[in-house]
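Working notes for the structure below.
The values are calculated or read from the model by the stated rules, or taken from the named source; none is laboratory data. All figures in this text were calculated on a predicted structure; none of them were measured in a lab. We place every Cβ from the backbone using ideal geometry, glycine too, and count neighbours over all the protein chains shown.
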Amino acid sequence: MGPVLTYDYKWLRAVGPGDNTGGHYDVVYMGRGTKNLYTVWTPLGEISYDMGPLVVLAGSHTFEAVKETYGKMDVDRDHVTGSFTNEPMDMVNTYGGQWQTSEFQMGDVIIMGIYTMHGSVKNASNRYRLSTDTRYQLATDPVDERWIGKDPIAHYAWMDGETISMDEARKQWNV
């Protein structure tokens, strides 16, 4: 327990018609500091099933083979595309768990740790799904330098140069 720090960088998500977010752990994008980092996902307005709500893979924080390979990756350092999968049932069939979601209203939030596999369902509506992600940790813990300060550097090398596809990385990791 102690004073809390929030990253200065705040994420606004606008998921358009036909788009979705692949299943991923946040650690691969912001894992240089503490592993006790929490994401607060907040819908901006009502989000119905057809708008592509957030999905969470219950139990995914216990997938040791995934945590020990993919979970140690850094998208900027390793130049690997970030989402672990765009085939959600592949995760369930291989590792277990259950994808869970809901329709969301203003005032709802989801709070998850850095090793919670999550993504979003395809937006089948004709509207944008709007949400925000904010990150919180103890102020005394190490901080990922990409996301703090007056003008955070954010992802500086992720897609620069040659990148490794997640399919190729998963073959190398045997996951």
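Quick check, is Arg127 in contact (Cβ under 8 Å) with a residue 60 or more places away in the chain, part of a helix (DSSP H, G or I) and farther than 23 Å from Leu37 by Cβ?
Criteria not met by Arg127.
Checking Ser120 against (1) surrounded by fewer than 17 Cβ atoms within 10 Å (Cβ to Cβ); (2) under 30 Å from Met51 (Cα atoms); (3) hydroxyl-bearing (Ser, Thr, Tyr), which single condition isn't satisfied?
Going through (1) surrounded by fewer than 17 Cβ atoms within 10 Å (Cβ to Cβ); (2) under 30 Å from Met51 (Cα atoms); (3) hydroxyl-bearing (Ser, Thr, Tyr) one by one, Ser120 breaks only (1).
Being in contact (Cβ under 8 Å) with a residue 60 or more places away in the chain and either of a type in the set (Gly, Ala, Ser) or surrounded by fewer than 16 Cβ atoms within 10 Å (Cβ to Cβ) (or both) is the filter here; which residues of segment 51-74 pass it? Walk me through how you get there before you give the answer.
So in segment 51-74, the residues in contact (Cβ under 8 Å) with a residue 60 or more places away in the chain come out as 51-57, 65-66, 69-70, 73.
Across segment 51-74, the qualifying residues are Gly52, Ala65.
From the list Ser102, Ser83, which residue is in a loop (DSSP other than H, G, I, E, B) and modelled with pLDDT under 95?
Working: Ser102 fails: modelled with pLDDT under 95.
It is Ser83.
Name every residue in segment 121-137 that is among the small types (Gly, Ala, Ser) and in contact with a strand residue (DSSP E or B) (Cβ under 8 Å, 6 or more places away or on another chain), in order of residue number.
Hit for segment 121-137 is Ser131, nothing else.
From the list Trp147, Trp173, Trp158, pick out the single residue that is surrounded by 12 or more Cβ atoms within 10 Å (Cβ to Cβ), farther than 22 Å from Tyr7 by Cα and of a type outside the set (Val, Ile, Thr).
On the way: Trp147 fails: farther than 22 Å from Tyr7 by Cα; Trp158 fails: farther than 22 Å from Tyr7 by Cα.
After applying the criteria, what remains is Trp173.
Please determine, by comparing only the residues of segment 91-109 that are free of Cβ contacts under 8 Å to residues at least 40 places away in the same chain and loosely packed, with under 13 Cβ neighbours inside 10 Å, which one is nearest to Met166 (Cα to Cα).
That would be Asn93.
Here's a check for you: in segment 41-50, which residue that is in a strand (DSSP E or B) and of a type in the set (A, V, I, L, M, F, W, C) is surrounded by the most Cβ atoms within 10 Å (Cβ to Cβ)?
Restricting to residues being in a strand (DSSP E or B) and of a type in the set (A, V, I, L, M, F, W, C), the top hit is Ile47.
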